[in-house]
Amino acid sequence: MPKLLLQTTIEAEPDDWSIRRFSRLRALLCGLRQGDGRPAFDVVARDRTPRGRPDPVLSHLGESDVDQLWLFAADTGDGLTPEDCAGIEAFRRRGGALMLTRDHMDLGFSPCAMGGVGAAHQVHADLYELKPAHHCVGYAGDPGVLWPNYHSGANGDYQRVSAVGSIHPVMLDRHSPTGVIQYLPAHPHEGAVSAPPGDGSSRVVMQGMSSLTGQRFNLAVAFERSATGGRAIAQSSFHHFSDYNWDPTTGCPSFVRDLPGDGLARFPEAMRATRQYMRNLAFWLAG
């Protein structure tokens, strides 16, 4: 059975975005079935070990039996050691599949040191000289949140999304009137992703729109399997996957200032589409 690892770049801190805040995603993935009814994946969920030294799993991922890594980067720059990055890169080189997501500004930027999927994530330092073209203020009430930062709605609300170019398999939805995924959870501080220049295996597959400016921005970049590595997805925010964004009554870390919404609770179709997208990711990454 393929092994799927859900992993954060922070320790098991109760008042942070530790892996326990992705429990509903874990339950969904554990419930996926193959055609014969057997579980589709062996799902393991963990936080990293104390920072400052290599994580025993990530630093040796290339030698492990893990088939997929879903990495939620929630650190402030010290979440991955060079050995951890090397282990993840070796994992992809041997054909391992990766879903990498972080968030606004520089939150979770330690994986950006990696090539490929890491390079798809833009951080504040990358965009400093390009501010006029890329700056998008998300929430004026929190001046500490700078670019990249897109406001797609409140936590607990949904955003309308659109496919880019030819319809990628992760965007298919036979239960949708359009045949494609139309909704994902919203977040007031989405990060920025783009296809790395010169990487022919990657392309933007999904976009959203800022609820404040109307500016379109990329939500997902897909990497096809190539000589350099297995399939991968770069996603603009880990809040598309968290319990709090699926249902704000589950609670959030004490440092979250934004008032939540209840759009997903009032519009079940958006939650259904979100679950379908998660299924699509898991099975597409599995090849």
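Before moving on, here are some points about what is shown:
- Here is the figure for segment 69-91: residues that are within 14 Å of Pro54 (Cβ to Cβ) and of a type in the set (Gly, Ala, Ser) total 4.
- Hits in segment 42-85 - residues which are more than 20 Å from Ala27 (Cα to Cα), at pLDDT 95 or above and of a type in the set (A, V, I, L, M): Val57, Leu58, Leu61
- Flag for Leu71 being under 23 Å from Arg231 (Cα atoms), out of contact with any Pro (no Cβ under 6 Å at 6 or more places or on another chain), in contact (Cβ under 8 Å) with a residue 60 or more places away in the chain and not in a loop (DSSP other than H, G, I, E, B): yes
- Qualifying residue in segment 234-247 (condition: small (Gly, Ala, Ser), more than 15 Å from the chain's Cα centre (by Cα) and surrounded by 17 or more Cβ atoms within 10 Å (Cβ to Cβ)): no
- The C-beta contact set for segment 46-63 (first residue closer than 14 Å to Leu5 by Cβ, second residue assigned to a helix (DSSP H, G or I) and among the basic types (Lys, Arg), distance under 8 angstrom, 6+ apart or interchain) comprises Gly62/Arg93.
- With respect to (1) within 14 Å of the chain's Cα centre (by Cα); (2) part of a loop (DSSP other than H, G, I, E, B), the lone exception for Leu219 is condition (2).
- Residue list for segment 248-280, filter: farther than 12 Å from Asp157 by Cβ, among the aromatic types (Phe, Trp, Tyr) and surrounded by 14 or more Cβ atoms within 10 Å (Cβ to Cβ): Tyr277
- Of Val66, Val43, all but one fail to be within 24 Å of Thr250 (Cα to Cα) and not in a helix (DSSP H, G or I); the exception is Val43.
- Among residues of segment 230-247 that are among the acidic types (Asp, Glu), those with a beta-carbon under 9 Å from a residue that is outside any helix (DSSP H, G or I) at least six positions away or on a different chain give the pairs Asp243/Gly251; Asp243/Cys252; Asp247/Gly156.
- Among the residues listed as Val66, Val44, the single one being touching a strand residue (DSSP E or B) at 6+ places or on another chain (Cβ under 7 Å) and loosely packed, with under 15 Cβ neighbours inside 10 Å: Val44
- Evaluation of Asp16 against (1) free of Cβ contacts under 8 Å to residues at least 60 places away in the same chain; (2) in a loop (DSSP other than H, G, I, E, B) (one fails), failing number: (1)
- Lone unmet requirement of (1) over 20 Å from the mean Cα position of the chain (by Cα); (2) surrounded by fewer than 18 Cβ atoms within 10 Å (Cβ to Cβ) for Phe283: (1)
- Qualifying positions in segment 264-287 - without any contact (Cβ under 8 Å) to a residue 60 or more places away in the chain and either more than 15 Å from Ser176 (Cβ to Cβ) or in contact with a Pro (Cβ under 8 Å, 6 or more places away or on another chain) (or both): Arg266
- Criterion (touching a residue at least 60 places away in the same chain (Cβ under 8 Å) and buried (at least 19 other Cβ atoms within 10 Å of the Cβ)) met by exactly one of Val205, Val161, Val193: Val193
The values are calculated or read from the model by the stated rules, or taken from the named source; none is laboratory data. Nothing here was measured: the structure is a model prediction, and the numbers come from that model. Here Cβ is always computed from backbone atoms with ideal geometry, including for glycine, and neighbour counts include all displayed protein chains.
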